[in-house]
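Asker: Here you go, one structure.
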Amino acid sequence: MTQQDNLPAQKPRQSSRTAGGTAFFSTLMTIGAGGFAGANARYLASLWIQHQAGTAFPYDTLLINVTGCYVLGVFSSLLQRTAVSDTWRLLVAIGFLGGYTTFSTFELNLYTLVQKGNFVPALLYLLLSMALGFLAVYLGVVTVRLFFAHSRQ
């Protein structure tokens, strides 16, 4: 499930691929601009938070993820209540928040499951996301260690 799956569309979508792909390219540029801004916002916020709170605990990641969740919650609620163009959804929800954090999407997915009364799938999603996410980080570290161990020989 992606961010797009949880954010209400303002109108039925038509194919973004037009003659020459102009609309498709415009969509990619909109998402890219948001992603650029979000990634840089994350970097700058992380530097500031680390300067304020130190690095003994990942306060920066925690606060960035929590603020990303908050912004996605606010934005998705606004989308449900106002006539916001699809361009803003692409720019903010997919681009900016995708660059700022993807944890916000995880939390929105979890919230949606709970809101719909799907408590067992919500718990399963929570546990699998945490366990598999941790496992993926671990496997990534091991892969790099193995790669460098073999390249030294």
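The values are calculated or read from the model by the stated rules, or taken from the named source; none is laboratory data. Source: prediction; values computed, not measured. Here the Cβ positions follow ideal geometry from the backbone for every residue, glycine too, while neighbour counts run over all protein chains shown.
Asker: Just to be sure before I move on: is Ser77 part of a helix (DSSP H, G or I), surrounded by 16 or more Cβ atoms within 10 Å (Cβ to Cβ) and at pLDDT below 90 in the structure I sent?
Answerer: Criteria not met by Ser77.
Asker: Here's something else I'd like to know. Going by the structure shown, is Ala122 farther than 21 Å from Ile64 by Cβ, surrounded by fewer than 21 Cβ atoms within 10 Å (Cβ to Cβ) and in contact with a Leu (Cβ under 7 Å, 6 or more places away or on another chain)?
Answerer: yes
Asker: Moving on to the next point. Could you check how many residues of segment 33-57 are in contact with a helix residue (DSSP H, G or I) (Cβ under 9 Å, 6 or more places away or on another chain) and over 22 Å from Trp88 (Cβ atoms)?
Answerer: Within segment 33-57, residues that are in contact with a helix residue (DSSP H, G or I) (Cβ under 9 Å, 6 or more places away or on another chain) and over 22 Å from Trp88 (Cβ atoms) number 7.
Asker: Please state which one of Leu110, Leu90, Leu128, Leu78 is farther than 25 Å from Tyr43 by Cα and touching a helix residue (DSSP H, G or I) at 6+ places or on another chain (Cβ under 7 Å).
Answerer: Unique residue meeting the criteria: Leu110.
Asker: Follow-up. Of all residues in segment 91-119 being in a loop (DSSP other than H, G, I, E, B) and within 17 Å of the chain's Cα centre (by Cα), which is surrounded by the most Cβ atoms within 10 Å (Cβ to Cβ)?
Answerer: Thr101
Asker: Inside segment 33-66, can you point out the residues that are among the β-branched types (Val, Ile, Thr) and either without any contact (Cβ under 8 Å) to a residue 24 or more places away in the chain or over 19 Å from Ser104 (Cα atoms) (or both)?
Answerer: Ile49, Thr55, Thr61, Val66
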